[in-house]
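Each remark here refers to the structure printed beneath this line.
The values are calculated or read from the model by the stated rules, or taken from the named source; none is laboratory data. These numbers were taken from a predicted model, which means no experiment stands behind them. For neighbour counting, all protein chains shown are included, and Cβ atoms are generated from backbone atoms with ideal geometry for every residue, glycine included.
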Amino acid sequence: MRAAAGPDSAHPSTSGRPDRATGAAGLSPLEAGVLGMVLYFDVFRHPLTEPELTRLLCPGDHAAVARACDTLLSRGLLEGEGAWRYRPGAARAVGRRRERARHAERVWPWAHRAAAVLRALPWVRGLLVTGSLSKNSAVPDGDVDFLVIVRPGRVWTLKTLLQGLRRALPPPARELFCTNYLISTDRLEVDDQNLFTAIELATAVPLAGREACVALLESNAWVREFVPGMDWSIARAAALAPDDLPGPGERDAGGRLEGAAMRAFDRYWDRKYDWLDARVRAQRFKRRADVATNHLHDFQGYVLREVDARYRAVGLELPLTRGGVPPGVRLEGG
């Protein structure tokens, strides 16, 4: 799972920074949650609206979120333009987000076409769009990221099939089929339990496989520690059309290939990325019977470091991870 591409690589600007003597001190839990969520999305120069904050933090109680925003605005911890809320000094991001939303409107029909192709493949049980498009943000020639839920015992066979499909496509179409996260229905709780992954799950847009998508979200109840509005995401998945997966043409084939496929990827990744520490490589390229991921760069670590810098700048104390930091994720350093 990847978040919106092209985060702001600069540390938080001092322009418009609130008085350090007060900062985030004395905020209510909801006010701290609103501020934390805005600062998280500021890494991507992605202002949020009050309705979006309500869905993420307090579904059904827009009045409470509006009051929290008013408090943060009055204290100089946030700024606003119309419906948008953003970090002080980040007003230019509003125009950027509007432009990316216009691009996203053009990409979504193609994402649905790609999903129609993917759902026709054997062993697929659910499809969710993640990354920038799930936040209604896109750039020209950007990619479409899918989280694929897979029948047990077929994760690596399907990954091999997907790899062949993607390589057979010309470059523009290839970017519609970024399936970098495959997970089996018999173990749906994700390993990396942190703010980054929580927001990716909570904002993932389900496109196929109602039962599997709901099960995925319900199996990751820990997300509520970071995104209290997770129930809204589950309700969205439950609103999908009734399941028609697996398709009638699926046959019980591929079992013999599963072990060989996993071993082939294992050898390939170890050889190609032998310069990575083995523990780091194992975290970024997950190779188990129930999950397959390939994320070369420490993107989630980068995002969490940037969020941490923003939190520290205003004295905000909110958790970034739970259960320790994985070996492939660095929270220290630039």
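Yes or no: ALA309 part of a helix (DSSP H, G or I), of a type in the set (Gly, Ala, Ser) and surrounded by fewer than 19 Cβ atoms within 10 Å (Cβ to Cβ)? Here the answer is yes, as ALA309 does meet what is asked.
Selection of region 169-203 for residues being at pLDDT 95 or above, over 27 Å from VAL43 (Cα atoms) and either assigned to a helix (DSSP H, G or I) or not small (Gly, Ala, Ser) (or both) yields ILE183, THR185, ASP186, ARG187, LEU188. Can VAL129 be described as of a type in the set (Val, Ile, Thr), within 30 Å of VAL65 (Cβ to Cβ), in a strand (DSSP E or B) and in contact (Cβ under 8 Å) with a residue 60 or more places away in the chain? For VAL129, the condition - of a type in the set (Val, Ile, Thr), within 30 Å of VAL65 (Cβ to Cβ), in a strand (DSSP E or B) and in contact (Cβ under 8 Å) with a residue 60 or more places away in the chain - is met. When region 88-126 is limited to residues that are at negative phi and in a loop (DSSP other than H, G, I, E, B), the one that is surrounded by the most Cβ atoms within 10 Å (Cβ to Cβ) turns out to be ALA90. Has region 270-289 got at least one residue that is closer than 27 Å to VAL148 by Cα, crowded, with 18+ Cβ neighbours inside 10 Å, within 19 Å of the chain's Cα centre (by Cα) and modelled with pLDDT of 90 or more? Within region 270-289 (the criterion being closer than 27 Å to VAL148 by Cα, crowded, with 18+ Cβ neighbours inside 10 Å, within 19 Å of the chain's Cα centre (by Cα) and modelled with pLDDT of 90 or more), the answer is no, since none of the residues qualifies.
Against the conditions (1) aliphatic (A, V, I, L, M); (2) closer than 21 Å to VAL150 by Cβ; (3) not in a loop (DSSP other than H, G, I, E, B), LEU240 satisfies every one except (3). Here PRO228, PRO140 are screened, and the one residue that is assigned to a loop (DSSP other than H, G, I, E, B), touching a residue at least 40 places away in the same chain (Cβ under 8 Å) and surrounded by fewer than 21 Cβ atoms within 10 Å (Cβ to Cβ) is PRO228. Selection of first residues in region 280-299 that are over 18 Å from ARG187 (Cα atoms) and hydrophobic (A, V, I, L, M, F, W, C) and of second residues that are surrounded by fewer than 17 Cβ atoms within 10 Å (Cβ to Cβ) and at pLDDT 85 or above, restricted to Cβ pairs under 8 Å at least 6 apart or on distinct chains, gives the following pairs, ordered by first then second residue: LEU296/TYR273. Residues satisfying the criterion are absent from region 204-221 (criterion: in a helix (DSSP H, G or I), touching a helix residue (DSSP H, G or I) at 6+ places or on another chain (Cβ under 9 Å), over 27 Å from ALA111 (Cβ atoms) and in contact (Cβ under 8 Å) with a residue 60 or more places away in the chain). Out of THR203, THR197, THR179, THR130, one residue alone is farther than 25 Å from THR49 by Cβ and either crowded, with 24+ Cβ neighbours inside 10 Å or polar (S, T, N, Q) (or both). It is THR179.
Among all residues of region 56-74, there is none that is at pLDDT 95 or above, crowded, with 18+ Cβ neighbours inside 10 Å and part of a loop (DSSP other than H, G, I, E, B).
Here LEU188 does not qualify as within 28 Å of GLY301 (Cβ to Cβ), under 20 Å from the mean Cα position of the chain (by Cα), crowded, with 21+ Cβ neighbours inside 10 Å and among the hydrophobic types (A, V, I, L, M, F, W, C). The residue of region 240-259 that is modelled with the lowest pLDDT, among those that are surrounded by fewer than 12 Cβ atoms within 10 Å (Cβ to Cβ) and closer than 16 Å to ALA289 by Cα, is GLY255. Restricted to region 1-55, and to residues there that are closer than 23 Å to THR321 by Cβ, in contact with a Ser or Thr (Cβ under 9 Å, 6 or more places away or on another chain) and at pLDDT below 95, the residue that is surrounded by the most Cβ atoms within 10 Å (Cβ to Cβ) is ALA3. Is it the case that region 58-66 has a residue that's out of contact with any Asp or Glu (no Cβ under 9 Å at 6 or more places or on another chain), over 28 Å from LEU207 (Cα atoms) and of a type outside the set (Val, Ile, Thr)? Within region 58-66 (the criterion being out of contact with any Asp or Glu (no Cβ under 9 Å at 6 or more places or on another chain), over 28 Å from LEU207 (Cα atoms) and of a type outside the set (Val, Ile, Thr)), the answer is yes, since at least one residue qualifies.
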